[in-house]
Structures are given as structure tokens and as C-alpha cells.
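Visitor: Could you have a look at this structure, given as C-alpha cells, before my questions?
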Amino acid sequence: MSLLQIKNLIVEFPNRRGTLRALDDISFDIAPGEILGVVGESGAGKSLTGAAIIGLLEPPGRVASGQILLEGERIDNLPYERMRHIRGRKIGAIFQDPLTSLNPLYTIGRQLVETIQAHLPVTAQEARRRAIDLLNDTGIPAAAQRIDHYPHQFSGGMRQRVVIALALAAEPKLIVADEPTTALDVSIQAQIITLLKNICKDRGAAVMLITHDMGVIAETCDRVAVMYAGRIAEIGPVHQVINQPSHPYTAGLMAAIPDITVERERLYQIDGAMPRLNAIPQGCAFNPRCPKAFDRCRQDRPDLMAAGATRAACWLHDVQAGVAV
Ligand SMILES: Nc1ncnc2c1ncn2[C@@H]1O[C@H](COP(=O)(O)OP(=O)(O)O)[C@@H](O)[C@H]1O
Ligand code: SF4
Ligand SMILES: [Mg+2]
């Protein structure tokens with residue numbers, strides 16, 4: 001069974017002039033222990049998808065319809081306190097800025113011990129021992145001493161390691177990591193991503209890794225979802241999506257990034273920009289930029305459909321209509 005299921009998720013922001021639909025009919029699953037990458041240009045809806053899953057959409061943003069299920073149970077409609085508990089125990093979160101997750105007034109040990117004891121039936125002494133183990137596992141040198149230090153006494157990279165330890169403290173099944181290395185020095189980004197991957201694989205925790213970096217996706221993820229204008233354009237096994245993209249947007253995205261694979265055929269660069277939410281064109285949202293657009297693309301909006309080794313929201317793959325690819 002899937003660990004996480006997102007079914008036809010719609011997220012809206014009501015405002016004075018009407019309603020902005022920011023996520024429009026998103027569906028995907030994450031299997032236990034799987035690393036799913038979520039990629040797409042800025043404003044595509046990656047962070048909102050993560051926020052909806054962890055129950056931290058900022059009002060007036062709201063889940064307007066659809067369902068989010070964790071281990072078969074709906075979590076999109078839970079009271080705040082219940083969701084807060086799930087957020088520590090079953091879903092861990094890692095954000096771009098480690099200071100969002102850490103309280104500057106408390107030692108990291110206190111924060112780890114509190115999280116462990118809030119969710120697991122262990123003594124304070126046992127919780128502290130576990131905290132030191134976690135810090136060791138996340139590569140904090142001299143963890144037994146460093147545990148009594150405050151967040152500001154760590155470098156940015158070390159702080160993000162502490163956040164990874166904190167996210168894993170209650171042994172969650174899923175980690176939602178939203179651009180976890182974007183704020184860090186380029187020289188340490190790869191180390192942190194490798195750590196995140198290995199530590200989650202070791203513990204059997206699944207990861208939803210949001211990033212705009214296709215290189216990170218290629219090296220880290222099992223599957224990848226490509227988002228465009230609040231929808232999933234393509235989803236599938238990472239190597240297929242990278243080497244044989246089925247959606248013209250994915251193809252353009254890959255062509256724009258050098259050196260992922262040498263063999264990859266260079267297709268074209270994507271001209272233009274992603275539309276604003278209040279100006280999404282009729283039909284396929286990508287049609288004004290798509291070199292393969294045809295009449296139907298300007299009228300009907302495609303849903304995800306089987307497309308080679310992946311699933312793509314693109315009429316080129318509509319077998320029933322008999323369109324040649
Ligand atoms: N608080 C908000 N109010 C109104 N619209 C928002 C808000 N937050 C996000 N959005 C809309 O949702 C879109 C997707 O946002 P986001 O998920 O943060 O994108 P990204 O893929 O860069 O993480 C944004 O481009 C914006 O139009
Ligand atoms: S549906 Fe049409 S416009 Fe959209 S990506 Fe496919 S070919 Fe291009
Ligand atoms: Mg974002």
C-alpha cells in the first residue's frame with residue numbers, strides 16, 4: 001500500500017476579486033521508503049503541495065477539494081492539535097532555512113529531547129542518548145558536547161544537519177523537505193543531500209524532496225514529479241523522466257540543464273514564462289510555450305495519462321484520439 005496518497009487535490013486562495021486556484025487537481029502517491037522528487041520552476045506549486053501535506057497551508061489558502069491520505073487515513077481534514085501530533089510523529093519537515101525549525105532560545109539537545117519525549121515512550125535519559133545518536137548519525141562532530149549548544153553556535157550546514165536530526169527524532173514515516181539546501185553554501189549542498197538520502201534510506205523513511213535542481217533529483221530520487229502552473233506535467237521513474245521525457249515541458253527543462261547525461265538529445269530551450277495563476281490559458285497551461293501544441297491543446301486541459309515509461313499530462317499521448325507521437 002502507498003504510504004501517502006494525494007487524490008485530486010485542489011488548493012485555493014480566496015481574495016477580494018474571486019478565488020485563485022494554486023493547485024489544480026494534483027494526484028500522486030509515495031511508497032514506503034521511496035524518495036520522490038518534486039521539481040518545477042518558481043511558482044509552480046511545489047511548496048504549496050508540501051504545505052498541504054504537512055497541514056501548514058497559510059490562511060486564506062485552503063484545501064478546497066480532494067484528499068490527502070497517510071497510511072490510508074485522511075489527514076487533510078484533521079483538527080489542528082491532531083495534525084500537529086502527526087506532523088512530529090509521522091511526518092517530519094525540513095525547510096530551506098534551518099532557523100525556521102529551531103528555537104534560538106533552547107539548546108539543540110533540549111529541542112531534540114522534547115520532540116523525542118513528546119512522541120515516544122522513553123525516559124529523559126534515553127531520549128538524550130537517542131538525541132546524541134541522531135546527531136552522530138547526521139555527522140555532527142563531538143555530538144555528546146555539541147548537544148548542549150544553541151542553534152547560533154552552529155554553521156548553516158551543521159544547523160541543517162541538526163534540523164534533519166530533529167525531523168527524524170520521532171521516527172516518522174515521511175519527510176517533506178522543501179529546498180533543504182538552497183540557502184546553504186554550494187560547496188556543502190551535495191553533502192547534506194547525500195546525508196538526507198542515506199539517513200532516510202537507513203531508517204526506511206520516505207522523502208518528498210522539493211527542489212528546482214534537476215541534478216539533485218537525478219542523484220537522489222527514485223521517482224520525480226514535474227510541476228507546471230499548479231499541476232503535475234509528468235511523473236515517473238527518475239531515469240525515464242530524465243532520459244526519455246514524455247511531456248514537452250519536461251523535455252525543455254532537461255534541455256536547459258547541461259550535463260545530466262551525455263547521451264541526452266538536446267531538444268530546445270523553453271521560451272516565455274510560466275503563466276500567473278490568474279492568467280492560465282485555456283486548454284493545456286503550457287500551450288503558448290509548447291513547440292508541439294495543436295488545436296486541441298488550446299481547448300481541452302489534459303490530465304495525466306500513460307506516456308511511454310512515465311505518465312504525462314499531454315494530448316500527444318492520447319492514444320484514444322489516435323494522435324501520432
Ligand atoms: N499566500 C499566498 N497567497 C496567494 N497566492 C499564493 C500564496 N502562496 C502561494 N501562492 C500562489 O501559489 C503559487 C505557487 O506557490 P509555491 O507553491 O510557493 O511555488 P513553488 O513551486 O515556487 O514552491 C505562487 O506562484 C502564488 O501564485
Ligand atoms: S498538451 Fe499540447 S500544448 Fe500541452 S504539452 Fe502536450 S502538445 Fe504541448
Ligand atoms: Mg517553493
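Throughout, read-outs are computed from the coordinates displayed, never taken from laboratory work. Treat the numbers as computed from the prediction; the structure is a model and nothing was measured. Heads up, the Cβs are rebuilt from the backbone with ideal geometry, glycines too, and the neighbour counts pull from every protein chain shown.
Visitor: Given Cβ point charges of +1 (Lys, Arg) and -1 (Asp, Glu) and nothing else, what value in debye, to the nearest 20, does the dipole of region 1-123 about its Cα centre take? Present the calculation step by step, with values, prior to reporting the outcome.
Guide: Working: 13 positive and 13 negative charges, 70 e Å.
Here region 1-123 has a charge dipole of around 340 debye.
Visitor: To the nearest 0.05, how large is the calculated FRET efficiency for GLU171 and HIS212 if R₀ is 25 Å and r is the Cβ-Cβ distance? Let's see the in-between values first.
Guide: Values: r = 29 Å, r/R0 = 1.18.
Efficiency at R0 = 25 Å is approximately 0.25.
Visitor: A further question follows. Given H placed 1.01 Å from N in the peptide plane, which residues other than close sequence neighbours of ARG301 have an amide H under 5 Å from its amide H?
Guide: Long-range HN contacts for ARG301: GLY283.
Visitor: Under a cut-off of 30 Å between alpha-carbon atoms, report the lysines in cross-link reach of LYS201, not counting same-chain residues fewer than 8 places apart.
Guide: Answer for LYS201, where 30 Å is the Cα cut-off: LYS7, LYS46, LYS90, LYS173, listed by chain and number.
Visitor: Run the helix sum for the chain: -39,500 (n - 2.57) per DSSP H stretch of 4+ residues, divided by residue count, reported at 222 nm to the nearest 500 deg cm²/dmol.
Guide: Working: 10 runs with 101 residues, N = 325.
Helices in the chain give a 222 nm mean residue ellipticity of -9000 deg cm²/dmol.
Visitor: Ok, one more. Can you list residues whose amide H is under 5 Å from ALA93's amide H, if they're 5+ apart or on another chain and H is modeled 1.01 Å from N?
Guide: Under 5 Å from the amide H of ALA93 lie the amide H atoms of VAL176, each far enough along the sequence or on another chain.
Visitor: Restricting things to alpha carbons, tell me how big region 11-167 is in terms of Rg and Dmax, in Å.
Guide: Rg and Dmax of region 11-167, Cα atoms, are 17.9, 56 Å.
Visitor: With only alpha-carbon atoms counted, please give the Rg and Dmax of region 193-263, in Å.
Guide: Values for region 193-263 (Cα only, Rg and Dmax): 12.6, 37 Å.
Visitor: For the residue pair ARG296 and TYR106, what label-to-label distance in nm results when each label sits 7 Å from Cα along the Cα-to-beta-carbon direction?
Guide: Result: 5.6 nm between the two label points.
Visitor: Between 0 and 90 degrees, rounded to the nearest ten: what's the tilt of helix 124-137 against the longest Cα principal axis of the chain?
Guide: So the helix axis and the longest Cα principal axis differ by about 50 degrees.
Visitor: Using the 2.2 N^0.38 Å rule of thumb for compact globular proteins, work out how region 65-150 stacks up: its C-alpha Rg over that value, please.
Guide: Details: Rg = 15.3 Å, N = 86, 2.2 N^0.38 = 12.0 Å.
Working it through for region 65-150, the quotient is 1.28.
Visitor: What length, rounded to one decimal in nm, is gained on full extension from ARG276 through to VAL186, with 0.36 nm per residue of separation minus their alpha-carbon distance?
Guide: Extending this stretch completely gives an extra 29.4 nm.
Visitor: Given 25 °C and 0.890 mPa s, how large is the Stokes-Einstein diffusion coefficient of the chain in µm²/s, with Rh as the Kirkwood radius over Cα pairs? If you can, show how the numbers build up before the last one.
Guide: Values: Rh = 20.8 Å.
Reported coefficient: 118 µm²/s.
Visitor: With a point put 7 Å past each Cα toward its Cβ, work out how far ASN15 is from ALA306 in nm, to one decimal.
Guide: 4.1
Visitor: Which residues does the label zone of ASN198 cover in region 141-155, counting backbone N under 19 Å from a point 7 Å along Cα→Cβ?
Guide: Residues 141-144 qualify, since their backbone N sits under 19 Å from the label point.
Visitor: Please list 215-227, 41-53 highest first by mean number of surrounding beta-carbon atoms within 10 Å per residue.
Guide: Working: 215-227: 21.9, 41-53: 20.4.
Final packing ranking: 215-227, 41-53.
Visitor: Let me ask something else about it. Please check which bits of region 234-255 a label hung off VAL319 would reach, taking the label as a point 7 Å along Cα-to-C-beta and the cut-off as backbone N under 11 Å.
Guide: Those under the cut-off are none; the list is empty.
Visitor: Additional query: For helix 156-168, report the angle its Cα long axis makes with the longest principal axis of the Cα atoms of the chain; keep it between 0 and 90° and round to the nearest 10°.
Guide: 90
Visitor: Return LEU120, LEU69 ranked ascending by Cβ neighbour count within 10 Å, so the fewest neighbours appear first. List each step's numbers first, then the result.
Guide: Values: LEU120 14, LEU69 17.
The fewest-first ordering by Cβ neighbours comes to LEU120, LEU69.
Visitor: What nm value, rounded to one decimal, do you get for the distance between LEU78 and HIS119 when each label is placed 7 Å out toward the C-beta?
Guide: 1.1
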